[in-house]
Amino acid sequence: MSFQPLPARPERTLRLLDSLFRRNKPAADPARIALDRLGRSFERARATAIVAARPGLPDALRHQPLVSPRKGVDAARALNRASGLLAFSVLTDSALEHYRGAFRNKAMFTPLATSALTVAASLHGTTDQRESAHLFRDVTYALAAVTGLVGTAFHVFNVGSRVGGFRWVNFFYRAPVGAPMAILISGLFGVASERLRREGPGGRPTVFGLGAGRTLATITAGSMAGTVGEAWLLHFRGNFQNPAMYIPVTIPPASGALLMDAAIRGGEKRRTAARASLWATVATGIAGTFFHAYGVQRMMGGWRNWKQNLLDGPPVPTPPAFTGVALAGLAALDLLEGDDA
Amino acid sequence: MCADQTILANREGLRSGNLSPMQQVRAAGGRAPDPHVTGGWLSMQEYADGEEVDFAIVGTGAGGGTLAAELAEAGFSVVAFDAGPYFRPLEDFASDETAQSQLFWTDKRIVDGDNPLKMGSNNSGKAVGGSTVHYAMVALRQRPESFASRTKQGFGADWPISWQEMWRYYTKAEDALKISGPIRYPWGPKRPRYPYRPHDLNAAALMLAKGAEALGIDWTETPLATVSAPRGKSPPCVYRGFCRVGCSTNAKQSALVTFIPRAIRAGAEVRDLAMVGRIEVNKDGRATGLHYHRAGQWRFQRARNVIVAGYAIESPRLLLNSATDRHPDGLANSSGLVGKYLMTQSNQAVFGVMDDEVRWNKGPPSLAITEHWNYDDRKDFFGGYIHMSQGPLPVEWSSVLTGSKGLWGDALLGELDKYNHQVGLKMVGEMMPQERNQVTLADEVDQYGLRVARITYSWCDNDKAMIKHALDFMQQQAEAAGVKEIFRQKNDTNHLAGTIRMGADRRTSVVNADCRSWDIPNLFVCDGSVFPTTGGVNPSLTIQALALRTADRIKELSRRGEL
Ligand SMILES: Cc1cc2nc3c(=O)[nH]c(=O)nc-3n(C[C@H](O)[C@H](O)[C@H](O)COP(=O)(O)OP(=O)(O)OC[C@H]3O[C@@H](n4cnc5c(N)ncnc54)[C@H](O)[C@@H]3O)c2cc1C
Ligand code: SF4
């Protein structure tokens, strides 16, 4: 699968952003040097280990395919897209939900700001064909990931602090513990995408010095599990009253499992299966938006009473999170391509 | 013929949209209002008066509505009568407390005894759907021992049905109403998961929880008959708290929006504004049908079987009013117990204020509950009680302040200013069955010319001991939760039960375990009046479970040719 570059119109904005954030000599950036070093030493350690253990290793691991650096950039941009979609979902969802919560705590503005920045960074990345990381994006994505972690802590505290503590009713109706994870995942995809833009030793794309395909597949599968967990909790609260509510707790976990299978065991057949299921998850996210819109209609007064029902009904902006995660999974598959050639 | 024309004329009037359901019949001309659709209709089968239907049912509430649906679905021909109007919740129920007194049975009744019951809004509905149209939706199971109070607990009388069987039917009733309840219920034997998830707790409920945790007793979210997620055309609850004056969203799973449409779809006819005045019995001692008043006329419906489900005052009144030369003490009364052993439930409360704003009227009135004193037997009285968080609407609250606290004028206004900070805990307690508490006929007559009920009620020492225990405990709990300015409401009672008790012995009961009269084999009574004891929980789910069981039994008897 390959992504076409976006039309060149945003170029001017990008150049402006570039002039603000991009240093002329990327190598002078201490954070990047540190990360690079870390990555290289990982890769060195791994290479040494592989050489030492060579005779006993399965083919898939011994093989070090040579991939064109372009492939890394393509995958990185696909990840930018996934990250942006997730961030957009977080932006709209946290705007609605935190408005509903009357922004009682000032920290409730944070996800709005970081997710907006993440959307911008992702747009920027999607149109950027260069084979190097970008400080603005890197920092933004890292910030998003941290926001997700801190947000999760806030939400867990919010659940536990009400009388009754960690009992079901509080998990159902207090701050949803799984929600901030979406911005964490968005950040992780973003950080990974920046790592991907630089080819690893041997021309092989790496993330954190590890084989890019597998690392990404693992992150994606983990993210899928988290997103499914969140959907399960809230659909359980809604009693799976509509059979369609089972879709996001069946198709996406299956696609996560198939992706892991393709990453670990390799093989064209497995990759095809994973690809098909990930596309089904992409569709699940899109369909979910429509299902949630229909759910809003089933509230008292339906869309005529949208001011209330957008807040109280099923959250229209959340299902695309599945699409976002699945897009990242597809990018991971692209990178796995040829791993076992 | 004349009446038919009136009915048709009403139907025309309805189209113009300005006739009150209190004055004009709505279920006629082959159709009945669809409670789920604004201006919508369900097509309805109709039966001629002269046609002998399988079942004529008096009352369409928790007991009658359930039976109408179950029996019609089993293929029987059914006509269900209700003296009350056929509401369209989406159109008729305003979010206006004062507009809704229409829901209650405010026909004339006479009360006496040491503790005369206050009748009306707190205990009797009059509508298609019965009291469930304005009930508070609390849907509880009686504890197992309550079905054998005499042998297991040493008071009252045993039910002729085992608790295991009742609990099986509770499961069915909970499913029919899609009760929203907690994931884990803290008391009693394990029960299946509630069909829908619990509702969120409002601040009034959190007070109960906080107090309970401080005292180290269990609490939970109240199982409620209002959905927490969509169900068919019912949207989820919107937590505005108008439940007791009629839910205008249909989130509430009243008989009106659940069993009644089921009954009509299955071929039952429902007759609104149809007051049954008398059951006719032939010389063989079998019921042949009933006399009812509708659209200005007395009429007679023939029926193979009659089921009475008018609740604990109207059911015995109907049996007593149906007396003949052969049955001078009223129908089905060879035991002399028709009208006896009336029970209400004690409904005392403690109220107070919190520093923080509470807005206790938001949401169904009782979102949190503790059944601690139903299951803890270390107490110096018989029976048990629950207590729940509270959320009366402003008018209801001011009547508590004037009636129970004796406030008036400036003092009342000052107190009403605290409305949004007010909280309360209210008990539902088991009162003892006493033969002297009863429904008899007064000499006065109502608008239909029927003798009205005289309701005699006195508390016994056990009732008083339980009330004192509950008030003390609830006060302690409220204080532990930080409630201030506590005031005890000492005089309130609510739900009714008894008067046509069921039992295993025809000498000491009026109906058997199948709710079938010992004396008149084709006469059934299936509503709150058959309770031998009332238990320490709100009664409606038990009535519905009983009605589901009775329907199964009737199907079985019919199969065996024993009807
Ligand atoms: C304000 C309020 C709140 C309540 N809250 C709860 C609660 O939270 N939980 C709970 O479990 N219970 C609650 N209850 C009690 C519950 O509603 C009743 O126990 C239950 O509905 C009784 O069922 P039933 O079938 O015996 O009678 P009802 O449901 O009262 O139905 C009787 C029907 O028969 C009709 N009728 C009577 N006589 C005649 C006649 N002669 N001819 C024609 N029609 C007749 C009446 O019009 C009425 O509609 C509440 C009651 C009230 C009033
Ligand atoms: S609070 Fe819920 S059940 Fe009560 S009237 Fe409103 S919508 Fe109906």
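Numbers at a glance
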quantity	calculated
CD proxy at 222 nm, helix term only [per DSSP H run n ≥ 4: -39500 (n - 2.57); per residue of chain B; nearest 500]	-7500 deg cm²/dmol
Region A:139-187, accessible surface, carbon-and-sulfur percent (1.4 angstrom probe)	79
In nm, spacing of pseudo-spin labels at A:ALA293 and A:TYR246 (7 Å Cα→C-beta vector)	2.6
Charged-residue dipole, Cβ positions (Lys, Arg, Asp, Glu), chain B about Cα centre, Debye nearest 20	960
Protein heavy-atom accessible area occluded, B/A pair - total, 1.4 Å probe, Å²	1900
Surrounding net charge for B:HIS421, when Lys and Arg each add one and Asp and Glu each subtract one, Cβ distance under 10 Å	-2
Reduction of at least 20 Å² in accessible surface, 1.4 Å probe, comparing all protein chains with the chain by itself, residues of region A:290-315	A:ARG298, A:MET299, A:MET300, A:GLN308
Neighbourhood charge, 14 Å Cβ-Cβ cut-off, centred on B:GLU70 and excluding it, Lys, Arg +1 and Asp, Glu -1	0
Whichever aspartates and glutamates have a C-alpha closer than 16 Å to that of B:LYS233, once near sequence neighbours (fewer than 8 apart) are set aside	B:ASP34, B:GLU91
Relative packing of peptides B:367-377, B:255-265 - highest average C-beta neighbours within 10 Å first	B:255-265, B:367-377
Local electrostatic count, B:SER517, Cβ distance below 11 Å [Lys/Arg +1, Asp/Glu -1]	+1
Region A:182-243, relative contact order in percent, only Cα pairs under 8 angstrom and at least six apart counted	20
Estimated inter-spin distance, B:ILE110 and A:VAL150, nm [label 7 Å along Cα→Cβ]	7.6
Contour excess over end-to-end distance, with Cα ends at B:ASP443 and B:GLN164 and 0.36 nm allotted per residue	96.1 nm
DSSP-defined antiparallel bridges as percent of all bridges, chain B, nearest 5	70
Where trypsin sites (Lys or Arg not before Pro) fall in DSSP loop in region B:170-209, at most 15 other Cβ within 10 Å	B:ARG184, B:LYS190, B:ARG193
Point-to-point label distance, B:LYS405-B:THR38, nm (Cα→Cβ direction, 7 Å offset)	3.9
Across B:LYS340/B:LYS426; B:LYS172/B:LYS464; B:LYS178/B:LYS468; B:LYS118/B:LYS379; B:LYS126/B:LYS172, pairs whose alpha-carbon gap is larger than 32 Å	B:LYS172/B:LYS464; B:LYS178/B:LYS468
Cβ-placed point charges (K, R +1; D, E -1), dipole of the protein assembly as shown about Cα centre in debye, nearest 20	3040
Phi-based couplings in Hz for region B:241-254 (Karplus 6.51, -1.76, 1.60; Gly and Pro marked x)	x, 9, 3, 7, 10, x, 7, 8, 9, 6, 5, 5, 8, 6
Calculated FRET efficiency for the pair B:LYS152/B:PHE300, C-beta based, R₀ 56 Å, to 0.05	0.75
Share antiparallel - DSSP beta bridges, the protein assembly as shown, percent rounded to 5	75
Gyration tensor verdict on the protein assembly as shown (Cα atoms; rounded if a/c is under 1.5, prolate if a/b is larger than b/c, oblate otherwise)	prolate
Relative contact order of region B:39-559, pairs being alpha-carbon contacts under 8 Å that are 6 or more residues apart, as %	24
Extension gain from B:LYS118 to B:ASP461, taking 0.36 nm per residue of separation minus the Cα-Cα distance	121.5 nm
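The values are calculated or read from the model by the stated rules, or taken from the named source; none is laboratory data. Just so you know, these numbers come straight off a predicted model, no measurement behind them. Virtual Cβ from ideal backbone geometry, glycine too; neighbours counted across all protein chains shown. In case anyone asks, the SASA skips ligands and DNA or RNA and just uses the protein heavy atoms, side chains included. Shrake-Rupley method; radii C 1.70, N 1.55, O 1.52, S 1.80 Å.
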